[in-house]
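The values are calculated or read from the model by the stated rules, or taken from the named source; none is laboratory data. All values derive from a computational prediction rather than experimental measurement. Note that we place each Cβ from the backbone using ideal geometry, even for glycine, and neighbour counts take in every protein chain shown.
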Amino acid sequence: MRLDSGKYSIALDSGERESNLRFVSHAHFDHISGVRKGKEALMSQPTKKLIEERKKIDIKTCCIPEGMELLSAGHILGSRQLFVQGDGYSAVYSGDFQMRESAVAEKIKTKKAEKAILDSTYPFPEIVFDDKDETIENIQKYVLSKGDKGIILFGAYVLGKSQELIHILNEVGIKPVVHPKVSKLSRIYTDFGINLEYASVTDNESEVEELTRRNFVGIIDPRSLLEAKMNLSNSYGKRVFTAVATGFSRIFNFGVDVSFSLSDHADFVQAMEYIDACCASEVYTLGKNAEIFAANLCKAGYNAMPMKEEMSL
Ligand SMILES: [Zn+2]
């Protein structure tokens, strides 16, 4: 997707060839296809560090051009929206965002813009996340209640959700054992001032041995959860409780013992809050649910439409 404004043709989280400026909102894989070794892109410093760790390449960032601004998106560490002041019109591209506060991401900052361009991760009004504080409390209660009964294994996306989960567990005195992929990314969170306590075999094997002598809490990519459950059950001869922490548990059945709708995205209600905060008179939707998201926003009284491949200000 491309946004044209004055001398800039901006690729929005994509590898648009026609563009002369690439904006990368955050370091999740579905937003970094446009990042190339040696090519400059506009992004925050934490995003640069996270992508370098994930893609194992050095990348270059560029200065923020006049008339543009990067605003915190509240989604994961380093996530930013792009605000562009055009000739007469302004626009803001949200990337992934959430309106609720997270302990491991900078709080979202909104700014008035005539046009708002939104991702459509949760396009349905009927999907409403539980209150975030309640969800966090439920996770903490669950781990404390099961702690003497067996091992608890969480499936959580390795970037963003895992770090939020580590923080939630740390709050009740639990230091989780995490997969090395989680550990490498969590170290970057710590480098940017977010204190997280966890153990991983690649950092401190003896600490992991110590923690796993008794029941422990583990965090792993959801795709490896059920295989890891079998391995742990065989290795330790204990009951292994499985849990997921994701907003998608509202849509999919993960086949686990318990699921928590801990999300770092906006649901439909939050999307409306965002549009209202931007005072946007035109809303453009992106992604595979763009059509249905725009239709549902129209039903809710907004002037919304799916974004075309390119848009001019
Ligand atoms: Zn994301």
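Please state which one of Y274, Y189, Y284, Y198 is in contact with a strand residue (DSSP E or B) (Cβ under 8 Å, 6 or more places away or on another chain) and not assigned by TED's automatic domain parsing to the domain that holds S79.
Going through Y274, Y189, Y284, Y198 in turn, just one is in contact with a strand residue (DSSP E or B) (Cβ under 8 Å, 6 or more places away or on another chain) and not assigned by TED's automatic domain parsing to the domain that holds S79: Y198.
Considering region 60-76, the residues that are in contact with an Asp or Glu (Cβ under 9 Å, 6 or more places away or on another chain) and not in a loop (DSSP other than H, G, I, E, B) include one that is nearest to F192 (Cα to Cα), namely S72. If you go through region 143-154 and keep only what is closer than 22 Å to R223 by Cβ and either at pLDDT below 95 or aromatic (F, W, Y) (or both), you end up with just F154.
Being within 16 Å of the ligand (Cβ to nearest atom), of a type in the set (A, V, I, L, M) and in a strand (DSSP E or B) is the filter here, so list the residues in region 77-98 that pass it. Listed by number, the list holds a single entry, L82. Residue check: is E310 modelled with pLDDT under 95, among the acidic types (D, E) and more than 16 Å from the ligand (Cβ to nearest atom)? It is true that E310 is modelled with pLDDT under 95, among the acidic types (D, E) and more than 16 Å from the ligand (Cβ to nearest atom).
Checked against the criterion of being at negative phi and within 15 Å of the ligand (Cβ to nearest atom), the candidates A105, A41 yield just one match: A105.
Could you please find all residues in region 271-293 being part of a helix (DSSP H, G or I) and in contact (Cβ under 8 Å) with a residue 40 or more places away in the chain?
So in region 271-293, the residues part of a helix (DSSP H, G or I) come out as 271-278, 290-293.
If the condition is that a residue be part of a helix (DSSP H, G or I) and in contact (Cβ under 8 Å) with a residue 40 or more places away in the chain, then A271, E273, Y274, I275, A277, C278, A290, I292, F293 are the ones that fit.
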